[in-house]
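Shown next, in structure tokens, is the structure this report addresses.
The values are calculated or read from the model by the stated rules, or taken from the named source; none is laboratory data. None of these values were measured; they are calculated from a predicted model. Glycine gets a Cβ as well: all are built from the backbone with ideal geometry, and neighbour counts include every protein chain shown. To get the accessible areas, we keep the full protein, side chains included, count just its heavy atoms, and leave off ligands, DNA and RNA. Shrake-Rupley method; radii C 1.70, N 1.55, O 1.52, S 1.80 Å.
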Amino acid sequence: MLILDDSYVMMRAIEQARRSSRVKKLLPPYVGAVVAKDNEIVGEGYKRFLSSYNILLLHAERDAITNARNRTQGSALYTTLQPCIRKYKRVFQSCSELIAEAGIKRVVIGLNPSRRLNTESIRFMQENGIEVVLFDDGLQDELNRLRWISSTIYIPT
């Protein structure tokens, strides 16, 4: 049986970000996310357009949580970018709110520790009982080289 560790699951999130990078007309950062529970991947997702009109974005975290269906309670979410904290186009709740509502207990964020971090979403998740881990384990070069991470929250206008 394969034991899932942070590096393995973050690599799966990077693979999802690669899918995001192939979406036509989608601007960086390219984001991937994975939900893991009980040593199993239960949901994966990537940033892409929600419709063929290229208007609304489906964030990777929302996609992964949706694909995990009802298996998110007590799970961990791995994401190549810090989850957003502001409502998107006043339509969807923020990814940070969705993570808390889904009962996720641990969030692992792949980012460049040398860049400035917006702590608002991290503080929100921690206040809601979620353990937040800033991932720094050998995959930073991969994350940085492909520009899949950003120091700021990406909210398209």
### Message
Among (1) more than 14 Å from Ile122 (Cβ to Cβ); (2) open to solvent by 10 Å² or more (accessible area, probe 1.4 Å); (3) out of contact with any Cys (no Cβ under 8 Å at 6 or more places or on another chain), there is one condition Glu97 misses while meeting the rest; what is its number?
### Response
(1)
### Message
Return the residues of the stretch 36-94 that are touching a residue at least 40 places away in the same chain (Cβ under 8 Å), open to solvent by less than 20 Å² (accessible area, probe 1.4 Å) and touching a helix residue (DSSP H, G or I) at 6+ places or on another chain (Cβ under 8 Å); say none if nothing qualifies.
### Response
Ala36, Ala60, Ala64, Ala76, Leu77, Tyr78, Thr79, Thr80, Leu81, Gln82, Pro83, Cys84
### Query
Restricting to the stretch 99-117, what's the tally of residues that are within 24 Å of Glu15 (Cβ to Cβ), modelled with pLDDT of 90 or more and out of contact with any strand residue (DSSP E or B) (no Cβ under 8 Å at 6 or more places or on another chain)?
1
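Return the residues of the stretch 36-65 that are outside any strand (DSSP E or B) and either in contact with a Gly (Cβ under 6 Å, 6 or more places away or on another chain) or among the aromatic types (Phe, Trp, Tyr) (or both); say none if nothing qualifies. Working first, answer last.
Kept after step one, since they are outside any strand (DSSP E or B), are these residues of the stretch 36-65: 38-39, 47, 50-56, 59-65.
If the condition is that a residue be outside any strand (DSSP E or B) and either in contact with a Gly (Cβ under 6 Å, 6 or more places away or on another chain) or among the aromatic types (Phe, Trp, Tyr) (or both), then Tyr53, Ala60, Asp63, Ala64 are the ones that fit.
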### Task
Search the stretch 1-29 for residues that are under 15 Å from Leu81 (Cβ atoms) and without any contact (Cβ under 8 Å) to a residue 12 or more places away in the chain and pair each with any residue that is open to solvent by 60 Å² or more (accessible area, probe 1.4 Å) and polar (S, T, N, Q) when their beta-carbon atoms are under 9 Å apart and the residues are at least 6 apart or on different chains.
none
